[in-house]
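The values are calculated or read from the model by the stated rules, or taken from the named source; none is laboratory data. These numbers come from a predicted model, not from an experiment. In this analysis, Cβ positions are derived from the backbone assuming ideal geometry, glycine residues included, and neighbour counts consider all displayed protein chains. For accessibility, only protein heavy atoms count, side chains too; no ligands or nucleic acids. Shrake-Rupley method; radii C 1.70, N 1.55, O 1.52, S 1.80 Å.
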Amino acid sequence: MKHLLSLLSTTPQEIEELLNLADQLKYENKHGIKHHRLKGQTLGMIFQKSSTRTRVSFETGMYQLGGQALFLSSRDLQIGRGEPVEDTARVLSRYLDGIMIRTFAQSEVEALAKYGSIPIINGLTDFCHPCQVLADLLTVREHKGHLDGLKLCYIGDGNNMANSLIVGGLKTGMRVAVACPEGYDPDKQVLDFANAYQGFQLYRDPLEAAAGADVIFTDVWASMGQEDEAAARRRVFEGVYQVNKQLLSAANPGCMVQHCLPAHRGEEITADVFEAHADEIFDEAENRLHAQKAVMVTLMER
Ligand code: CP
Ligand code: NVA
């Protein structure tokens with residue numbers, strides 16, 4: 001594995017190995033066992049969008065592994081003034097040992113990987129959020145003991161989270177049911193991939209998608225970069241595409257609820273359901289750290 005660009009380009013075996021390594025690193029972290037497996041290395045973190053979890057978990061993870069992380073806001077980089085990503089990739093490859101990038105276009109992440117000579121990690125694009133979904137898979141596996149055969153349900157916008165959950169869920173043997181409003185479907189490339197699996201189904205009705213679910217995911221109605229569409233989206237999603245008690249009553253007993261955060265209570269999830277599942281949701285947030293350490297060790301350890 002040279003890069004983490006999307007879960008579409010990651011094999012089921014690579015995903016399983018990342019999850020196993022994340023489990024090990026989490027165990028070591030909890031028991032105070034320190035391994036400076038990336039001693040002396042530097043990760044550059046390019047951010048073209050806001051972040052709490054991604055920034056802090058990558059920076060802390062890199063420090064725990066004996067290296068350092070540089071926070072590079074696109075507001076300050078020349079990339080923000082039009083320097084091509086192809087040049088940025090070749091320059092940064094001369095200084096750094098790896099790059100994590102959060103941006104809009106997936107093509108920018110692919111260009112960094114094509115023109116650079118160091119590992120590239122996708123820290124969220126409009127297309128996908130692979131680091132988040134590795135943490136999600138880790139969390140579900142921890143709570144349920146396995147992934148194979150479980151039913152994963154996603155309710156809401158067919159966005160970056162939906163795309164990565166569909167691919168990650170199917171590649172780890174889960175059945176995946178998604179409910180999105182018409183016009184807000186997951187990416188076509190993802191649907192083409194998913195439709196080859198018997199265990200995948202796209203619905204319009206959230207209650208149908210949630211039937212018999214073992215874990216329900218949701219995400220915001222308007223993602224970063226879609227602020228201008230927020231009011232129009234609210235009219236489409238409101239009152240239907242929400243994780244609430246009624247939806248959970250259609251799921252299996254003991255069904256987990258996950259949210260990548262930040263969450264908008266009263267919109268895609270009710271406050272009572274969020275609080276009832278807060279332990280699972282904050283385990284999920286914590287697991288960003290462990291999953292990403294596994295990604296960095298896998299890609300960067302010499
Ligand atoms: N879930 C997630 O990626 O959070 P941040 O936007 O805070 O990094
Ligand atoms: N879909 C959300 C995820 C945030 C972590 C966004 O892209 O803003």
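Against the list (1) in contact with a helix residue (DSSP H, G or I) (Cβ under 9 Å, 6 or more places away or on another chain); (2) open to solvent by less than 80 Å² (accessible area, probe 1.4 Å); (3) over 19 Å from Glu284 (Cα atoms), the condition Asn29 fails is (3).
Would you confirm whether or not region 76-92 contains a residue that is open to solvent by 70 Å² or more (accessible area, probe 1.4 Å), within 20 Å of Ser6 (Cβ to Cβ) and away from ligand 1 (no atom under 15 Å from the Cβ)? Taking every residue of region 76-92 in turn, none turns out to be open to solvent by 70 Å² or more (accessible area, probe 1.4 Å), within 20 Å of Ser6 (Cβ to Cβ) and away from ligand 1 (no atom under 15 Å from the Cβ).
State whether one or more residues within region 264-285 are within 17 Å of the chain's Cα centre (by Cα), within 16 Å of ligand 1 (Cβ to nearest atom) and free of Cβ contacts under 8 Å to residues at least 40 places away in the same chain. Yes, region 264-285 contains at least one residue that is within 17 Å of the chain's Cα centre (by Cα), within 16 Å of ligand 1 (Cβ to nearest atom) and free of Cβ contacts under 8 Å to residues at least 40 places away in the same chain. For Tyr154, indicate whether it is among the aromatic types (Phe, Trp, Tyr), outside any helix (DSSP H, G or I) and either out of contact with any Asp or Glu (no Cβ under 9 Å at 6 or more places or on another chain) or farther than 26 Å from Ala291 by Cβ (or both). For Tyr154, the condition - among the aromatic types (Phe, Trp, Tyr), outside any helix (DSSP H, G or I) and either out of contact with any Asp or Glu (no Cβ under 9 Å at 6 or more places or on another chain) or farther than 26 Å from Ala291 by Cβ (or both) - is not met.
Of the helices (runs of 4 or more DSSP H) lying entirely inside region 31-145, those containing at least 1 residues that are more than 19 Å from Leu289 (Cα to Cα) and out of contact with any His (no Cβ under 6 Å at 6 or more places or on another chain) are 85-95, 106-115, 130-144. Checked against the criterion of being hydroxyl-bearing (Ser, Thr, Tyr) and within 16 Å of ligand 2 (Cβ to nearest atom), the candidates Thr54, Thr60, Thr42 yield just one match: Thr54.
Annotation note: Cβ proximity below 7 Å between a residue of region 81-96 that is touching a residue at least 40 places away in the same chain (Cβ under 8 Å) and a residue that is of a type outside the set (A, V, I, L, M) (sequence gap 6+ or interchain) occurs for Leu92/Gly44; Leu92/Gly116; Leu96/Thr42; Leu96/Gly44.
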